[in-house]
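This report refers to the structure that appears directly beneath it.
Every read-out reported here was derived from the displayed coordinates using simple, explicitly stated rules and does not represent laboratory data. It should be emphasised that the depicted structure is a prediction, and the values quoted were computed from it without experimental measurement.
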Amino acid sequence: MTQRILENLSRQYQALKVLHYLQGEEFSHLKEFRPQSVGPLEFSIHELMRQIMAERQDVRRMMRELNPGAMRLSDLAELFGEDWDKAQSLLDQIDRFEQTCAKQAEKSYSLALALYDQSSGYVDFFREKLTPVKTSYGRQGVFAKTKPAPSMLRGAL
């Protein structure tokens, strides 16, 4: 069972390496203003994270089979014997990659939010500049009054 746990930890480590690579690709697409390329990467990232979560639940299930009272993998260190150093090394590498991936996700989120704010600012600017402020010709070729922007009405009826 401990060998299966080590294999699971190794898969998690490799999956986090792939996640880090995909996040780097996503960030480069955002930096180069190619948001249409981000969508497929997002689906891949979400699927990979789902798989990582399934692996973690599998490790927890195996831990409960070995020792129902074990809350952390370190509680099973004596069962691993000489393989515990390998498990601890994998856990340390997994932790480092998790931290790196979390930082990269935060950078991508901040950049995506900034691009959204920029785009909505451009839309507001063009809407303001393109909306006529005076009377203009309507569909029938006569002067028509422009409708004001939507607003809240207050008052008694």
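Overview of results
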item: Potential extension, GLU106-GLU82 segment - 0.36 nm per residue separation minus Cα distance; result: 4.9 nm
item: In order through the range 64-78: 3J(HN,Hα) via Karplus (6.51 cos²θ - 1.76 cosθ + 1.60), integer Hz, x for Gly, Pro; result: 5, 5, 6, 8, x, x, 6, 9, 10, 5, 5, 5, 9, 4, 5
item: Proportion of all alpha-carbon pairs of the range 2-129 beyond 23 Å (%); result: 47
